[in-house]
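The values are calculated or read from the model by the stated rules, or taken from the named source; none is laboratory data. Source: prediction; values computed, not measured. Note that each Cβ is placed from the backbone with ideal geometry, even for glycine, and that neighbours are counted across all protein chains shown. Ligands, DNA and RNA are stripped out before the accessible areas are found, and what is left, the full protein with its side chains, is counted by its heavy atoms. Shrake-Rupley method; radii C 1.70, N 1.55, O 1.52, S 1.80 Å.
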Amino acid sequence: MTPSLSDLTQALLDAARKAGADSADALAVSGTALSIEIRRGALEQAERSEGVEIGLRVLMGRRQACVSASDTSPATILALAERAVAMAREAPEDQTVGLADPSQLAQDWNLAALDLADPAPEPGPAALEEQARAVEAAALGANGITQVEAAAAFSRRALHLAATNGFSGGYGRTSVSLSAVAFTGAGTDMQRDYAGESRVYLSDMPDADSIGRLAAERALQRVGSVKPKTGTYPVLYDERVAASLVSHLLSAINGTAIARGSSWARDLLGQRILPAGISLIEDPHRPRISASRPFDGEGLATRRRAIVDDGVLTGWVLDLSTGRKLGMPSTANASRGVSAPPSPSTTNIDLTQGQVSRDDLLAQMGTGLWVTSMIGSTINPTTGDYSRGAAGFWVENGRISHPVHECTIAGNLRDMLRRIIPANDARPHLSTRVPSILIDGMTIAGA
């Protein structure tokens with residue numbers, strides 16, 4: 001009989017105690033994944049994977065070590081525990097490591113309210129291939145599209161976390177996705193663009209035709225791209241790429257970067273970092289959303305909080321260790337896999353939406369760049385200096401003039417974020433909901 005994930009974590013903890021560990025936590029993860037890729041009308045790849053992974057973290061005083069395996073036999077579990085304890089005895093001391101106090105642990109969470117796993121049967125490879133071919137056909141139906149790469153995927157994953165402080169809990173989640181990359185032209189005149197959707201529930205997915213048509217429409221709009229003018233202009237980040245700005249901010253306020261003193265935001269706690277009226281909310285409890293979770297990677301209860309409130313930075317993103325380094329409590333943001341100790345990361349993020357549409361911002365910007373895709377990244381984590389490759393559309397007098405590519409946009413994140421003007425077009429089903437964003441006075445390097 002195959003042991004449950006809960007049984008596996010308990011076996012790991014028992015083995016750790018037997019090997020001499022002072023304390024320990026254990027993680028067991030099971031998953032299945034199926035993916036289909038179509039290219040040039042032919043089945044390019046069909047892949048299925050399934051398995052169970054286990055991870056054990058042991059603590060000897062203020063020393064810790066992590067080990068992991070994909071073999072769940074009793075002999076392997078015992079060997080893992082012995083190896084982890086031996087490693088921990090040789091590890092350097094760290095006064096900030098340690099499990100949560102039992103009083104901090106999550107209690108009585110409501111998994112049903114989060115609705116993270118689709119109870120419907122797993123779609124078979126034939127069904128996924130049918131969807132991938134449908135999105136391909138829809139894209140190829142547009143005049144001028146010469147090639148399409150389509151993909152469909154499904155995954156089901158479950159985890160269980162347990163620790164010697166008394167915590168024990170687990171949950172499962174599902175994910176389904178469908179995407180297409182459409183190509184037009186040839187040689188140096190070739191252009192491409194994409195469209196894709198992902199949901200927790202298969203029944204919530206939009207139809208394949210709409211995804212394929214959108215990929216084709218976006219690719220065809222890229223025909224005739226040229227380099228834009230060099231100078232200082234307003235830049236409108238399309239909703240597809242605007243979340244990258246928020247991700248740079250979240251990296252800067254991550255407890256690991258703050259504790260090291262290597263972040264451009266290290267002196268901004270309690271300061272205005274976004275315009276007045278704009279907040280950044282983390283809500284781990286949104287139902288049917290991919291990043292939702294009832295507890296974090298150390299067993300602490302997750303909660304909704306305003307990371308930025310009315311433009312003011314209210315706190316860092318912390319796990320127990322980084323919180324201890326900074327003399328602050330954890331914000332229940334610990335994340336972990338089977339092979340490494342916890343580290344801070346966020347879940348679902350919402351940036352306050354504006355009152356106007358993206359088209360209103362295009363009209364407001366006058367002459368400038370509307371960015372729809374980005375490549376590469378040069379971000380100085382200490383100073384916030386920002387430079388990224390971009391493509392999109394040139395805007396003249398508030399109207400789209402022509403597509404552009406092969407340009408660089410640059411600025412400083414501290415200054416850029418204080419000047420953002422959000423639209424109202426964030427897609428509601430995304431884990432990170434960030435609308436299109438207008439920023440005035442950025443440097444554009446083009447022709």
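List pairs: first residue in the range 151-168 and under 19 Å from E129 (Cβ atoms) and open to solvent by 30 Å² or more (accessible area, probe 1.4 Å), second residue of a type in the set (D, E, K, R) and part of a loop (DSSP other than H, G, I, E, B) anywhere in the structure, Cβ distance under 7 angstrom, at least six positions apart or on different chains.
R156/E122
Being open to solvent by 40 Å² or more (accessible area, probe 1.4 Å) and of a type in the set (G, A, S) is the filter; apply it to the range 60-72 and report the residue that is farthest from A139 (Cα to Cα).
Taking the range 60-72 as the starting set, the residues that turn out to be open to solvent by 40 Å² or more (accessible area, probe 1.4 Å) are 61-64, 68, 70-72.
Next, from what is left, pick out any that are of a type in the set (G, A, S): 61, 68, 70.
Values: G61: 60, S68: 43, S70: 40 Å.
My answer is G61.
Can you tell which of Y201, Y237 is modelled with pLDDT of 95 or more, buried (at least 19 other Cβ atoms within 10 Å of the Cβ) and within 28 Å of L280 (Cα to Cα)? Walk me through how you get there before you give the answer.
On the way: Y201 fails: buried (at least 19 other Cβ atoms within 10 Å of the Cβ).
Only one candidate passes the filter, namely Y237.
I'm trying to understand the selection: among the residues of the range 336-357, which are more than 30 Å from E298 (Cα to Cα) and either without any contact (Cβ under 8 Å) to a residue 24 or more places away in the chain or buried (at least 21 other Cβ atoms within 10 Å of the Cβ) (or both)?
The one that is more than 30 Å from E298 (Cα to Cα) and either without any contact (Cβ under 8 Å) to a residue 24 or more places away in the chain or buried (at least 21 other Cβ atoms within 10 Å of the Cβ) (or both): G354.
Just the residues that are open to solvent by 30 Å² or more (accessible area, probe 1.4 Å), farther than 17 Å from N333 by Cα, in contact (Cβ under 8 Å) with a residue 24 or more places away in the chain and charged (D, E, K, R), please, taken from the range 98-133.
Result: D115, E122, E129, R133.
Of the residues in the range 45-59, how many are surrounded by fewer than 21 Cβ atoms within 10 Å (Cβ to Cβ) and either more than 23 Å from V135 (Cβ to Cβ) or without any contact (Cβ under 8 Å) to a residue 24 or more places away in the chain (or both)? Break it down stepwise before answering.
Narrowing the range 45-59 to residues surrounded by fewer than 21 Cβ atoms within 10 Å (Cβ to Cβ): 45-53.
Remaining after also requiring either more than 23 Å from V135 (Cβ to Cβ) or without any contact (Cβ under 8 Å) to a residue 24 or more places away in the chain (or both): 45, 47, 49-53.
Counting residues in the range 45-59 that are surrounded by fewer than 21 Cβ atoms within 10 Å (Cβ to Cβ) and either more than 23 Å from V135 (Cβ to Cβ) or without any contact (Cβ under 8 Å) to a residue 24 or more places away in the chain (or both) gives 7.
Yes/no per residue for (1) under 21 Å from the mean Cα position of the chain (by Cα); (2) of a type in the set (A, V, I, L, M, F, W, C):
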residue	(1), (2)
A137	no, yes
I145	no, yes
A163	no, yes
S175	yes, no
L178	yes, yes
R192	no, no
